[in-house]
Structures are given as C-alpha cells and as structure tokens.
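Okay, structure first, notes after.
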Amino acid sequence: MMRRHAMATRLLSAASVLLAALWATPPATAGDTLSQIKSRGTLRCGVSGGIAGFSMKDASGHWSGLEIDFCRAVAAAVLGDPGKVTFVPLRASERFPALTFKAIDLLARLSTWTLSREADLKVYFAGILLYDGQGFMVPAASGVKSVGQLNGATICVEKGTTHERQLADHFVANGLSMKPLVIDSPTEVAEALFAGRCQAYTSDLSQLAVAHLRAPAGHAFDILPEIISKEPLGPAVRGGDEEWLTLVRWMLYALIAAEERGITRDNVRAIRETAQHPALRRALGADGGLSRALGTDPEWALRAIESVGNYGEIFERNLGGHSPLRLERGLNRLWTQGGLMYALPIR
C-alpha cells in the first residue's frame, strides 16, 4: 500500500512539473512571433545540420542550402536584410519540441506535412517547398534490385521521422519482415550503412542522394527505383499565430510566382520599374495594401527575390544541375512544365 502511495506521489509530482513548464510557456498570440522577431532583430530558423544541398556550414562559417535560402528570404522580407538570421541546427527528433517551446521562430528543416503533426502537435505547414518520396539505398555488391529482396534485412532509418512508420507499414502490408536500426541523425545513418551495420538505408530520395555523394571510395551503392510513400516537405510554424503563418506561406508563394513570371534575382528591380501589369506591380511593392496586411513594408517580396532568387534558381543552385547533387526537378517543376509547383494568386 505504501509502495503504491509513493508511486502515486511521484506521478503527481512529475505531472506538476510538466504543468508548470507548460504554464511557463504561454501560447503565441496573434502577431506575437512577428513582433518578437522585429524587436529581437533576427530570425531564429531551425535547419538541418551538415546536409549538403539543404543546410551546410563551410569552414569559414558560411551557411548554404535550400533551407538556408528560404530562411534568408523570410529575413529579407521581415527585417530588410537576408543576413539577419540565426541558424539553429536540429536533429529530426528535436525539431518539433524546438518549435513548440519557442527556441525557434520558423522550422525550415524540411518536414513531411501530415495530419498527425497538425492535429496532435499543433504544427502548421506554410506550404510545400519540396515534393519527395521515401526510397532505399543498398550496397551495389548485394545484388538487391527491389525492396522485396530486403525481406528479413536490417534497415537503417533516422529517428523521429515519418520514415520509421512508413517502413514498418510497407513491410507489413507486403507480408515482409525486417529489423529497423533506428539512429539519431542522417549522417550517422549513412555511416552505419557504409560500415555494414545494415543492409539498406531508407529515407527521402533527396537524402539518399546526399548520402550517395558521401560513399567511401571504392564502394558502390544503388538507390532502388521503388518509392513507397509521398513526402511533401515544407517549412512549419507553431499554432496560435495566424499572422506569422500567413506571412511565411505567402513568402513561399512569392518565390514560386516569381519563377512563373520570369522574375529573377538579377532582373527583379528592373521589372518592378517597367512592369505595366497591375498584379505584377502589386506583388513587387507598387501597392502597399498587401504589405500592410502582412505586417511588412511594400518591398518585402522584391527584397526576398533579390536576395535568393526565384524558386527555380534556389532549386537549381542547391539541388539541381548547378549543384553536386544534380537532382531532376520532377514534381518540383512548375505546373506549366508538368510539375506540381503552383503559386496561389498574390492579389
């Protein structure tokens, strides 16, 4: 009886600590995030750590990647300077707690937009920055050519990602078995595959392409042709602040719309000066009504595009033909070119 009482006391104490922590972190009110960023003078952006094409810091301390460029675009729009960003590297398992408990303002570390993340975690996605899918990478010497040949295999997967559940669901649905080896970072997952600790590595195809570049000399690896899931990846914000969600969402659409209209970082100012189309002039700051609604100044989109380019420029520089990854755009092409990238009307 005394043992039960002691256990109950410990549980109540733990619950009190948790409630105290939650009360100490009040939910954001409308416009709270934007006003805090302006007051602080810097945007705190959660990103990946050490992933080529997405978020990488070189020896001189310079950050580059798809996630980095999106952070800089938002900083340019909100603070007038793409350099006013504090990049916060996060593991997959750290990203949503960092957002929920206000360690960051924006989660640019690309994450899959799912029902459970919105309904349970109250994390809201601003849009889709990259259409991807879950695949598998295997040693070429294994002779494995399809996922079905991995029956009974040990498969490396990153902790805290949707890949864990998708992996289990796919194997159960197809009457297969496997043993997941769950590891805490994509770099460590790839190293485990290279060291022979697992027979395959499963992740987004873009992440597998990054790992493929890092394969040790003299060892070949193949990315299997099968894709077992849809992975719409995008930036996210915490719930409770609709103004901030709206601004981040329309920043993404502005970058896509710029590509649709042939606006680049090199010609954006010239186009603003010569444009006759009313919608184009509004989007580039000729009309202050839209910017007032967003809580920015009229040149918010112009500054962002001038800082990092349009969506196509960002993709090609970091992931596409102008990058070491050389990924095909595929579904990430504009809707007019057979892809899914489509900007909602900025009006």
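Can you work out the FRET efficiency for the pair ILE346 and SER93, with r the C-beta to C-beta distance and R0 = 41 Å, to the nearest 0.05? Numbers along the way, then the final one.
Details: r = 36 Å, r/R0 = 0.88.
E between ILE346 and SER93, to the nearest 0.05, is 0.70.
Semi-axes, largest first, in whole Å: what does sqrt of 5 times each Cα gyration tensor eigenvalue give for the range 132-230?
Details: eigenvalues 68, 43, 32 Å².
For the range 132-230, the ellipsoid semi-axes come out as 18, 15, 13 Å.
Give the shape of the range 235-347 as rounded, prolate or oblate, defined through the alpha-carbon gyration tensor: a ≥ b ≥ c are the square roots of its eigenvalues, a/c under 1.5 means rounded, and otherwise the shape is prolate if a/b is larger than b/c and oblate if not.
On the way: a/c = 1.89, a/b = 1.28, b/c = 1.47.
Oblate shape, in that a/c is at least 1.5 and b/c is the bigger or equal ratio.
For ASP132, list long-range residues whose amide hydrogen, built 1.01 Å from N in the peptide plane, is under 5 Å from its own amide hydrogen.
For ASP132, the qualifying residues are GLU231, LEU233.
With bins 10 Å wide starting at 0, give me the P(r) of the chain over every alpha carbon pair, in whole percents.
5, 23, 29, 23, 13, 5, 1, 0, 0
Say we join alpha carbon atoms closer than 10 Å with springs in a Gaussian network model of the chain; which of THR274, THR246, THR33 then has the biggest fluctuation?
In the Gaussian network model the winner is THR274.
Considering the Cα positions of the range 50-99, please state its Rg to one decimal place and its Dmax as a whole number of Å.
Both quantities, over Cα of the range 50-99: 11.5, 32 Å.
Could you state the number of Å between the C-alpha centres of the range 29-98 and the range 204-266?
Their Cα centres are 15 Å away from one another.
Of GLY262, GLY295, GLY234, which has the largest mean-square fluctuation in a 10 Å C-alpha GNM of the chain?
Looking only at GLY262, GLY295, GLY234, the biggest GNM fluctuation is shown by GLY262.
Name the long-range amide H neighbours of LEU110: under 5 Å, sequence gap of 5 or more, or other chain; modelled H, no Pro or chain starts.
Residues meeting the criterion, in which the H sits 1.01 Å from N, are SER48.
Give the Kirkwood hydrodynamic radius (Å, one decimal) of the range 105-179, defined as one over the mean of 1/r across all pairs of different Cα atoms. Write out the running numbers ahead of the final one.
Numbers: mean 1/r = 0.0681 Å⁻¹.
Kirkwood hydrodynamic radius for the range 105-179: 14.7 Å.
No value in this document is a laboratory result; all are computed from the given coordinates. What you see is a predicted model, and the numbers here were worked out from it, not measured in a lab. Cβ sites come from the backbone with ideal geometry, for glycine too, and all protein chains shown count toward neighbours.
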